[in-house]
Each structure stands twice: as structure tokens, then as C-alpha cells.
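One structure below.
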Amino acid sequence: MPRIQAETVEEHKVLVRRRLLDAAMELFSEMGYEATTFADLAAEAGVGRTTIYEYFTDKEDLLASLVEEELPLTIAAMLDRLPTESSGVERLAELARAMVEFVATDPTLGMLLHREVPRLTQGAKVRVERAHLDLIHEFISLIRAGVADGELR
């Protein structure tokens, strides 16, 4: 039986899952999503290849899980950087600019969202869409505020 690397089995599983997600982020950035294999991920994370299947059903599940973990943090940081003293329309424009810049320039998550998500199954696409909820809600809020203030039609 493998030795656990934490105080409890639950903590060990959290650590291993995090190592796998970090390895995926690193390897997807370096090698690309398609070229990265579970063998590559296992080697990078320091686990056996079959261990990955205890955490993720397949590479698509791993990608969706990575987006679910990382994208809300990225969106929160993006929203925190919006100028608070600007009008709703200016905030809307800045948010749109920040989102496009992220997708176009982020070497891992942005590129994965742009290139790989369209090829995923519907179930994985729904998971990725849910990870965007804070961003969607902010866009809707800014648009509604712009309409209410007469800045948008």
C-alpha cells in the first residue's frame, strides 16, 4: 500500500489532486493539451499513471476540473482590478478588454479556453461555462446598470 503524504488520507488526496492540477497547468502550457499524456502528468506530479484515474476519469475531466479550480480565481482578480470610480459603461468596456486580453495572452488557461473548449463534450463545456458564472453575472450587472442610467440602449 502506498504511503500517504499527509496527516490523513483526505489531506493526502487533496495534496495529490492539487499536484495533478499543477502538473496539468505546467504541461498543458509547455506541451499543449493534445500532446500531454497521462504518463507525462504522472511523471510531473510524482505519482503512478493509474493514480490519475482515482481523481479524474480522463484528460477532458482533468481539463474541466482545472478550469473549475483556476478560472474563478482569475475572474475574481480581473473583477478586483476594475476601476471603481468609472461609469458602468467604462467598467463594461474595461472588463471586456481584460477578458479578451486574458484569453489572447494567458499561455495556459486562456489558450485552453480559446482552443480546446470548443472540442470538448457537451458535459465538459457545461462545467467550463459554470466556471464563468461570476464573469457572466458581472457583465449582466454592468449592462443592466448602463441601461438604467441611460448610457446603453
Distance in Å, no decimals, from the C-alpha centre of segment 54-86 to the one of segment 106-153 is 11
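Let a ≥ b ≥ c be the square roots of the eigenvalues of the Cα gyration tensor of segment 65-149; is it rounded (a/c under 1.5), or, if not, prolate (a/b larger than b/c) or oblate? Write out the running numbers ahead of the final one.
Working: a/c = 2.35, a/b = 1.79, b/c = 1.31.
Judged from the Cα gyration tensor, segment 65-149 comes out prolate (a/c at least 1.5, a/b above b/c).
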Per-residue ellipticity at 222 nm attributable to helices in the chain (runs of n ≥ 4 DSSP H, -39500 (n - 2.57) apiece, nearest 500 deg cm²/dmol) works out to -22000 deg cm²/dmol
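Taking R0 as 25 Å, what's the FRET efficiency between Asp22 and Val100 from their Cβ-Cβ distance, rounded to 0.05?
On the way: r = 26 Å, r/R0 = 1.06.
Calculated value: 0.40.
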So, with points 7 Å from each Cα along the Cβ direction, the Leu152-Thr50 label distance in nm works out to 5.3
Options (i) 15.6; (ii) 17.3; (iii) 16.7 are given for Kirkwood radius over Cα pairs in Å, and the computed one is (ii)
Filtering trypsin sites (Lys or Arg not before Pro) in segment 30-103 by DSSP loop and by at most 11 other Cβ atoms within 10 Å leaves Arg81
Counting sequence-distant residues (5 or more places) and residues on other chains, those with an amide H built under 5 Å from that of Ser87 are none
In degrees rounded to 10, the 0-90 angle between helix 59-80 Cα long axis and the longest Cα principal axis of the chain is 40
By the C-alpha gyration tensor axes a ≥ b ≥ c (rounded if a/c is under 1.5, else prolate when a/b exceeds b/c, else oblate), the shape of segment 32-112 is prolate
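So if we plug the beta-carbon distance of Ala93 and Ser29 into 1/(1 + (r/R0)^6) with R0 = 30 Å, what FRET efficiency do we get, rounded to 0.05? Don't skip to the answer; put the middle values down first.
Values: r = 29 Å, r/R0 = 0.97.
Once rounded, the FRET efficiency stands at 0.55.
Work out the length of the dipole vector of the chain about its Cα centre, built from +1 on the beta-carbon of each Lys and Arg and -1 on the beta-carbon of each Asp and Glu, and round it to the nearest 20 debye. All intermediate terms of the calculation are to be shown ahead of the outcome.
Details: 17 positive and 28 negative charges, 71 e Å.
With only Lys, Arg, Asp and Glu charged at Cβ, the dipole is about 340 debye.
Values quoted throughout were computed directly from the atomic coordinates according to the rules given, and no laboratory measurement underlies them. No experiment lies behind these values; they were computed from the predicted model shown. Glycine also receives a Cβ, built like all others from the backbone with ideal geometry; neighbour counts cover every protein chain displayed.
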